[in-house]
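The values are calculated or read from the model by the stated rules, or taken from the named source; none is laboratory data. This structure is a prediction, so every number in the text was calculated from the model and none was measured. Cβ placement follows ideal geometry from the backbone for every residue including glycine, while neighbour counts extend to all protein chains displayed. These area figures cover heavy atoms from the full protein model, side chains too; ligands, DNA and RNA do not enter into them. Shrake-Rupley method; radii C 1.70, N 1.55, O 1.52, S 1.80 Å.
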Amino acid sequence: MYETQDVIASTLPQLFEHSDILITKLAPELFQSIRNTPLETTDPTNALIERAIAIIHAWNAHEQTEFIAAHPRIGEIKQLSALSAKEQSGGLSATTRLQTPPEVLKRLEHLNACYERVYSGLRYITFVNGRTRAAIAREMEDKLQLGHPLESYPDGPPLNEPTAESLICVAKNSEDWLHELTRAVDDVGKIAKSRQKSLGL
């Protein structure tokens, strides 16, 4: 099924967010890998995703961060691919997902800034799996060891809420930083498998 580089290159943007590295590096490396070791044929697209993630894990940290940077930030509502918009809305319709409360979107904007301060060079990636943006905000707060002001302070966070600039950075390429990069790449793989099911590939 995936016997030519053109077929692989046309399939990857349906499973992953489009980026230069997806086409210029992952597609040819996947093609060569499949030529050397053919994919399992029962579910070739699932096998393609698993092979792709294995290849990406073998890249250096800079290349992996370039790959995950193609994914939109949690809570972004502009310039999303149709699949990303649906995923971030918890699978709701376009009309319904516009109803995400503004305080949740504002909180996610702050949390993204905090995360990118703590894990410099990374972007928070998670497999939404039908959850709401508010649920993802709580997950990010737990990751960053912050409170849950949307639940405790519905009228707005307290004045002593930490700013992004006040948070301590994790050393780039440290064990903790690399673990978070690995987790992000793995979640991209989970997202891709969910898209495979949605698209019937």
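Listed here are the residues, each with its yes/no results for (1) open to solvent by 60 Å² or more (accessible area, probe 1.4 Å); (2) modelled with pLDDT of 65 or more.
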residue: 70; (1), (2): no, yes
residue: 80; (1), (2): no, no
residue: 92; (1), (2): yes, no
residue: 100; (1), (2): no, yes
message: On the basis of being open to solvent by 30 Å² or more (accessible area, probe 1.4 Å) and at pLDDT 95 or above, does residue 176 make the cut?
response: yes
- line: Selection from the stretch 123-146 of residues in a loop (DSSP other than H, G, I, E, B) and either surrounded by fewer than 16 Cβ atoms within 10 Å (Cβ to Cβ) or at pLDDT below 80 (or both) yields 129, 130, 145
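Conditions tested, residue by residue: (1) touching a Pro at 6+ places or on another chain (Cβ under 8 Å); (2) at pLDDT below 95; (3) farther than 30 Å from residue 11 by Cα.
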site: 118; (1), (2), (3): no, no, yes
site: 149; (1), (2), (3): yes, yes, yes
site: 164; (1), (2), (3): no, yes, yes
site: 180; (1), (2), (3): no, no, no
site: 198; (1), (2), (3): no, yes, no
- line: From the option list 77, 53, single residue qualifying as under 30 Å from residue 111 (Cα atoms), touching an Asp or Glu at 6+ places or on another chain (Cβ under 9 Å) and of a type in the set (Val, Ile, Thr) is 53
task: Could you grab me the full set of residues in the stretch 18-68 that are touching a helix residue (DSSP H, G or I) at 6+ places or on another chain (Cβ under 6 Å), open to solvent by 40 Å² or more (accessible area, probe 1.4 Å) and of a type in the set (S, T, N, Q)?
output: none
